[in-house]
Amino acid sequence: MDRTALFPNLNGILHGGDYNPDQWLDRPDILKKDIELMKKAKINCVTLGVFSWSVYEPVEGEFHFEWLENIIDNLYDNDIYTILATPSGARPAWLDEKYPDSLRVDAYGHRFHHGVRHNHCMSSENFRNKVKIINTKLAEKFANHPAIILWHISNEFGGYCYCDTCKKKFQNYLAKKFNHDINKLNKAWWTNFWSHTYGSFDQIEPPYANGETSILGLNLEWKRFTTFNMTEYMKFEINILRTISKNIPITTNFMKLYEDLDYYQMAKELDIISWDSYPQFHNDKESLEDTFFDNGFNHALFRSMKPNKPFMLMESAPGVVNWNAVNKYRRPGIHKLASMQAIAMGADTVQYFQIRKGRGGFEQFHGAVIDHLGTDDTRIFKEVSEVGDILNKISEVAGSVADNKVAVLFDWDNRWAVDDVKALAQETKNYDNTCIKMWQAFVKLGVDPDVISSDADWSRYKIIIAPMLYLLHDGEAEKIKKFVSEGGQILATYFTGYVDHNLLCYLNGFPGDGLKEVFGIISEEIDSFYPTDRNHILLKGYDNSIEVYDYAELLRVDTADILGIYEEDYIKGTPAVTKNQYGKGNAYYLACRVNPEELKPLFVRMLQDANIEIKHIPDGVEYHTRYGDRTKYEFYSNITDNAIMIDNVKGMELVTRTKIENEFLLNGKQVIVVKSEM
Ligand code: GLA
Ligand code: ZN
């Protein structure tokens, strides 16, 4: 595995975060102190200018970058590099006053008032013109500054705009997509249901909250369009920088499993993937381990968008956030575990929001490396410094990557379609969580699946787990056929292959589009359970029965072997788990919802068939691997407070610099990185 560190000149791993010196320009003493403290915390990089537009351009056409240049220079003199953001995350008041079409329109058709952030109309020409001017000036001024290592486009793109400009763009997008043939669209969306047939593309409105929300094809296309429009806007910003700044890579910061944008589409336009991770540790809904798994799934998702490169943890909270219902502090040791989880899963950076707390404003009580107290002896400061130390010790892992042969298929369109479908049980569809739990079951077997899209390159994988793949894109069934017939193993579940790309049901049996031959079954009914309903299945060769909840399909078996049957209710004795040999591979079908951890015997068998090493990871320990050149780095973290013995481990441990021969007693909250040659 060749490796390229994302930021080779920073001793490998980047440690830093959002820094807002523009809030402190009248306090040179504080700015000086900040640098001192950053150095103590082993911070080697900051992100500047994320929300600095009104300091750069206090009145239209009057620009001030001299302060920024000073800050960047001072930081650089102290070996602190800069990630420079474009300031388009929030607009100055003069801009909204003069160009009100920059303001977004909500789902009821009301234009927003000035304020808050991230709420622009991405189609507004006036807004784009102003962004073009400020970005051009910024790039011209700083593109060649040796401190700048990365461009950070805007901030956390998101949301919808229902204005007339966006509406017109949507209509044009649809006209293009359906070859200017409105009947084609009517057929695809089945619009003669309730007499909703359109006469022309001009009649199509976005799904206003008080308008047309009953055409599911329209709802889905609106989401696709919003991703298209946001991506087009993002490309517009990227192009401005690219023409001036040829060599500096570009990213934008994604959010945790964000609902409204298909990040797979946006990722294609970026040089580096980065995301903001804010797990709600110690909540009252799940175990600490589950919080880590949930966060880990996101790391896997973002990592897998560019599997041959490290990704970035762009933001995380030192200590606490201020926007949760309950803002609970990370307990001692958690900051290290969370930071190291990112590195273990393939990040080359640990970054925070924010370096120093602002005195006022919306985020004055959000965690920061430097608190209002302003000293280096706070608990959080010390925990951040500890992370800085560890990152220095393990800096050689930079550039190494995960290399997995198992993937969970997580499809954004499918996610939207499952969410919106008028079927199943509204409260328990849980597509995201179903994918996360499947992923988690494999992590517990020492395998750390990638999380991939339908249009990703699947050739590197031997096993694909595809939960609830209700919607099939054009060509996707063919892709699955090819994958399995060439020797791949796939596991699909209940609610697979019901509808095509336009949400029209397949005829002649689910899963459609030829997949019933791949799986050797047809699904005839899907039954939804009330929360207390249960069934059970018995896996062949195993005596214990597995609990079924939420959903169960009634299958007809054609060529598949039956691996498990239902034990109760009207489907008693009928198949619940099947396996069908197809070409050189196998297609497994799980007809009901169970806790994936209970399917361990099945997963073990799949892994063994694929010659993938299984490791038995003790409960409370997280395990991930990165590979670089001929070197393997194994990360173990103990998220419990108790020491746990790890066996079967050998190599040089980088944090403590000890040689491990066979076993290691991992203390509570300890993280180790074991290096071995391959
Ligand atoms: C987001 C934003 C930051 C900040 C943090 C606070 O991630 O990008 O500007 O508001 O949340 O947690
Ligand atoms: Zn708009």
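The values are calculated or read from the model by the stated rules, or taken from the named source; none is laboratory data. Please read all numbers here as calculations on a predicted model, not as lab measurements. Cβ atoms come from the backbone with ideal geometry, glycine included; neighbour counts cover every protein chain shown. All accessible areas refer to the heavy atoms of the entire protein, side chains included, with ligands and DNA or RNA removed. Shrake-Rupley method; radii C 1.70, N 1.55, O 1.52, S 1.80 Å.
Express in whole angstrom the spacing between the alpha-carbon centres of the stretch 547-587 and the stretch 480-503.
Rounded to whole Å, the Cα centres lie 16 Å apart.
Cα centroid distance between the stretch 57-88 and the stretch 368-436, in Å?
Cα centroid to Cα centroid, the span is 29 Å.
Rg/Rh for the stretch 536-575: what does it come to with C-alpha atoms and Rh from Kirkwood?
Working: Rg = 10.0 Å, Rh = 10.6 Å.
Looking at the stretch 536-575, the ratio lands at 0.94.
What helices does the chain have that are whole DSSP H segments, at least 20 Å long along their own axis by Cα, and with mean Kyte-Doolittle hydropathy of -0.5 or more? Mind showing how you got there, number by number?
Values: long enough: 125-142 (25 Å, -0.77); 216-244 (43 Å, -0.08); 288-305 (26 Å, -0.26); 379-393 (21 Å, -0.23).
The qualifying helices are 216-244, 288-305, 379-393.
Summarise the accessible area of the chain (1.4 Å probe, protein heavy atoms) by the percent that is carbon and sulfur. Mind showing how you got there, number by number?
Numbers: 13020 of 26820 Å².
Carbon and sulfur atoms account for 49 percent of the accessible area of the chain.
Using Cα positions and a limit of under 19 Å, work out the aspartates and glutamates in reach of Lys572, with same-chain residues fewer than 8 apart set aside.
Glu524, Glu525, Asp527, Asp533, Asp543, Glu547, Asp550, Glu553, Asp558, Asp561
In 20 Å bins starting at 0, how do the alpha-carbon pair distances of the chain split up by percent?
For the chain, the binned pair fractions read 17, 48, 31, 4 percent.
Determine which aspartates and glutamates satisfy two conditions relative to Lys223: a Cα distance under 15 Å, and not lying fewer than 8 residues away in the same chain.
Output for Lys223: Asp106, Glu205, Glu212, Glu232, Glu259, Asp260, Asp262, Asp411, Asp413, Asp419, Asp420.
Of Lys285/Lys437; Lys176/Lys256; Lys437/Lys615; Lys437/Lys540; Lys405/Lys600, which pairs sit farther than 26 Å apart, going by alpha carbon to alpha carbon? Before the final figure, lay out the partial values.
Numbers: Lys285/Lys437 15 Å; Lys176/Lys256 32 Å; Lys437/Lys615 18 Å; Lys437/Lys540 23 Å; Lys405/Lys600 17 Å.
Too far apart for the 26 Å limit: Lys176/Lys256.
Using a ≥ b ≥ c from the Cα gyration tensor of the stretch 592-678 (square roots of the eigenvalues), is it rounded, prolate or oblate, where a/c under 1.5 gives rounded and otherwise the larger of a/b and b/c decides, a/b for prolate? Don't skip to the answer; put the middle values down first.
Numbers: a/c = 2.52, a/b = 1.41, b/c = 1.79.
Oblate, since a/c reaches 1.5 and b/c is not below a/b.
Keeping all protein chains in place, calculate the accessible area per residue for the stretch 378-532 (probe 1.4 angstrom), answer in Å². It would help to have the intermediate numbers written out before the result.
Numbers: 5030 Å² over 155 residues.
Value returned for the stretch 378-532: 32 Å² of accessible area per residue.
Among 371-382, 151-162, 43-54, 118-129, how do they line up by average Cβ neighbours within 10 Å per residue, starting with the highest? Write down the numbers at each step before the final one.
On the way: 371-382: 14.6, 151-162: 22.0, 43-54: 23.8, 118-129: 19.3.
Put in order of decreasing packing, that is 43-54, 151-162, 118-129, 371-382.
Just check the stretch 467-548 against the gyration tensor rule for me: Cα atoms, a ≥ b ≥ c as the square roots of the eigenvalues, rounded for a/c under 1.5, and otherwise prolate or oblate depending on whether a/b exceeds b/c. Mind dumping the intermediate values first?
Numbers: a/c = 2.58, a/b = 1.41, b/c = 1.82.
Because a/c hits 1.5 or more and a/b fails to exceed b/c, the stretch 467-548 counts as oblate.
In straight Cα distance, which aspartates and glutamates are under 15 Å from Lys481, not counting same-chain residues fewer than 8 positions off?
Asp455, Asp457, Asp513, Glu517
Can you tell me the accessible area per residue over the stretch 275-336, all protein chains present, probe 1.4 angstrom, in square angstrom?
With the other protein chains kept in place, the stretch 275-336 gives 34 Å² per residue.
Quick check: Cα centre of the stretch 108-156 to Cα centre of the stretch 206-265, how many Å?
For the stretch 108-156 versus the stretch 206-265, the Cα centre distance is 15 Å.
What's the ranking of 419-429, 32-42 by average number of surrounding C-beta atoms within 10 Å, highest first? It would help to have the intermediate numbers written out before the result.
Numbers: 419-429: 14.4, 32-42: 18.4.
The peptides rank, most packed first, as 32-42, 419-429.
Please say if the stretch 426-572 is rounded, prolate or oblate, where rounded means a/c under 1.5 for a ≥ b ≥ c the square roots of the C-alpha gyration tensor eigenvalues, and otherwise the choice is prolate for a/b larger than b/c and oblate otherwise? Let's see the in-between values first.
On the way: a/c = 1.45, a/b = 1.22, b/c = 1.19.
Rounded.
Residues of the stretch 607-678: accessible area per residue at 1.4 Å, in Å²?
Working: 3580 Å² over 72 residues.
Accessible area per residue: 50 Å².
Using the Cα centre of the chain as origin and beta-carbon charges of +1 (Lys, Arg) and -1 (Asp, Glu), tell me which of Val105, Asn327, Tyr636 is placed farthest towards the positive end of the dipole.
Among Val105, Asn327, Tyr636, the one farthest towards the positive end of the dipole of the chain is Tyr636.
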